[in-house]
Each structure stands twice: as structure tokens, then as C-alpha cells.
Amino acid sequence: MPTNIEIKARVASLKTLIPVVASLADAGPEHVAQDDTFFVCPNGRLKLRVLDDRHGVLIFYRRADQLGPKTSFYIHSETADPEGLRSVLALAYGEAGRVRKHRMVFQIGQARVHLDRVEGLGEFVELEVTVGDKMDSEAAISEAHRLVEAFGIEESALVTGAYLDLHETKIN
């Protein structure tokens, strides 16, 4: 399975962070609206990401819910019928929740930097540093730490789980 090293953090203002990220970026920003439906899945997380009426991505991943850099193993499959697939998965497994966000995506070396406005939660930065031929896990963790420092993110702003978890915490 493909692997990333990920870090997610709450930010006070994307407006302040955008110029910092843009000054380091090799590419971007790409603007993407995402509607993620999570399904009950005992072996990890299963979500359907709807990008538009004719394009969705079913994503399965495993990632520890911890602060700081964490390894994420994932696999995905694209669909041209996201609403049909959502209906099938909801009936088969049950919906665990839904997260809607606007994402700005930048590329910095081997890192994808997501600047997210999450409906009902606020603003976040998420880093995904690709582990593979060009970078092993240790180097990816170092790169994630370097970027967090460059962005001025305090450890107290780090988030452990998925946006879905934050929605559930907010409700309870």
C-alpha cells in the first residue's frame, strides 16, 4: 500500500498561512471542494470523497490517532458514480459521518500541503509527505517537522485524528 507521513493542525488563520506556504511551494494552489462520507469500518477508515457529480474516490486508510507525524497506509479507487456508490456503502456498512471542506493544495518537494476550511470546525493545515523511492520514513518525518516549524505551527495546535473525530468531539 502507498504510505504517507501525516501531520494535521488547527490554525488561527489560513489568510496568514497562505503566503508562507505559497513562498515555499513548487506548485499550487489547486482549489478543491470535498464532501467526505465515512462508513463503519473496523479495520481502519473507509471514506468516499465526492469531488463532483461524476467523480469520486473511495479511500481506505489506516493511521494511528496520535499527535505529530504518523504513518498512514492507504489505497483508493475512483468512481464515476459517487452518489450510487455512497448509497450502496451506506446500506452495506452504515454511515459513520460526513465532512465537507474547501481545500487549497500546494506541493512542496515530496509534501502535499492542504489548507482546509472545514464546515463546522474551522481552519486547518494538513501535511502529507510521501514515503517511497525518493524519501524513506525517517526522512519524511524530518521533512514534516521542518515544514511544521517553517509554518510556525505550535505543538499545542496539533490534531490527533480525522476531521470526523473532531465533529464527534464537538457534538459530545
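The values are calculated or read from the model by the stated rules, or taken from the named source; none is laboratory data. These figures come from a predicted structure and were not determined experimentally. Quick reminder, even Gly has a Cβ in these numbers, built from the backbone with ideal geometry, and neighbours come from all protein chains shown.
Can you spot a residue in the range 67-90 that is under 17 Å from ASP36 (Cβ atoms), of a type in the set (S, T, N, Q) and in contact with a Gly (Cβ under 7 Å, 6 or more places away or on another chain)?
Checked against the condition, which is being under 17 Å from ASP36 (Cβ atoms), of a type in the set (S, T, N, Q) and in contact with a Gly (Cβ under 7 Å, 6 or more places away or on another chain), the range 67-90 yields at least one hit.
So GLY97 clears everything in (1) touching a helix residue (DSSP H, G or I) at 6+ places or on another chain (Cβ under 7 Å); (2) among the small types (Gly, Ala, Ser); (3) under 22 Å from GLY132 (Cβ atoms) except one condition, right? Which one?
(3)
Do you know which of the residues in the range 73-120 that are assigned to a strand (DSSP E or B) and in contact with a Ser or Thr (Cβ under 7 Å, 6 or more places away or on another chain) is nearest to LEU51 (Cα to Cα)?
Applying the filter and picking the extreme gives ARG98.
Suppose we filter GLY68, GLY56 for residues that are at positive phi and either free of Cβ contacts under 8 Å to residues at least 12 places away in the same chain or touching a helix residue (DSSP H, G or I) at 6+ places or on another chain (Cβ under 9 Å) (or both); which single one remains?
GLY68
Restricting to the range 1-52, and then to whatever is of a type in the set (Lys, Arg) and assigned to a strand (DSSP E or B), can you tell me which residue is nearest to GLN107 (Cα to Cα)?
So, considering only residues that are of a type in the set (Lys, Arg) and assigned to a strand (DSSP E or B), the one nearest to GLN107 (Cα to Cα) is LYS8.
Identify all residues within the range 140-163 that are assigned to a helix (DSSP H, G or I) and among the acidic types (Asp, Glu); write none if there are none.
GLU143, GLU149, GLU155
Yes/no matrix, rows are residues, columns are (1) among the hydroxyl-bearing types (Ser, Thr, Tyr); (2) at pLDDT 95 or above; (3) within 21 Å of GLY152 (Cα to Cα):
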site	(1), (2), (3)
GLU6	no, no, yes
ILE18	no, yes, yes
SER23	yes, yes, yes
GLN34	no, yes, no
THR37	yes, yes, no
PRO42	no, no, no
GLN66	no, no, yes
ALA90	no, yes, no
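Could you list, in sequence order, the residues of the range 30-39 that are crowded, with 16+ Cβ neighbours inside 10 Å and either among the acidic types (Asp, Glu) or touching a helix residue (DSSP H, G or I) at 6+ places or on another chain (Cβ under 7 Å) (or both)?
Answer for the range 30-39, where residues must be crowded, with 16+ Cβ neighbours inside 10 Å and either among the acidic types (Asp, Glu) or touching a helix residue (DSSP H, G or I) at 6+ places or on another chain (Cβ under 7 Å) (or both): ASP35, ASP36, THR37, PHE38, PHE39.
Let's see how each residue does on (1) under 17 Å from ASP36 (Cα atoms); (2) crowded, with 16+ Cβ neighbours inside 10 Å; (3) out of contact with any strand residue (DSSP E or B) (no Cβ under 8 Å at 6 or more places or on another chain):
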residue: MET104; (1), (2), (3): yes, yes, no
residue: VAL113; (1), (2), (3): no, yes, no
residue: GLU126; (1), (2), (3): yes, yes, no
residue: ALA139; (1), (2), (3): no, no, yes
residue: ALA150; (1), (2), (3): no, no, yes
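May I ask you to list pairs of residues, at least six apart or on different chains, whose Cβ atoms are under 8 Å apart, with the first in the range 107-121 being closer than 14 Å to HIS31 by Cβ and the second being aromatic (Phe, Trp, Tyr) and at pLDDT below 95?
ASP116/TYR163
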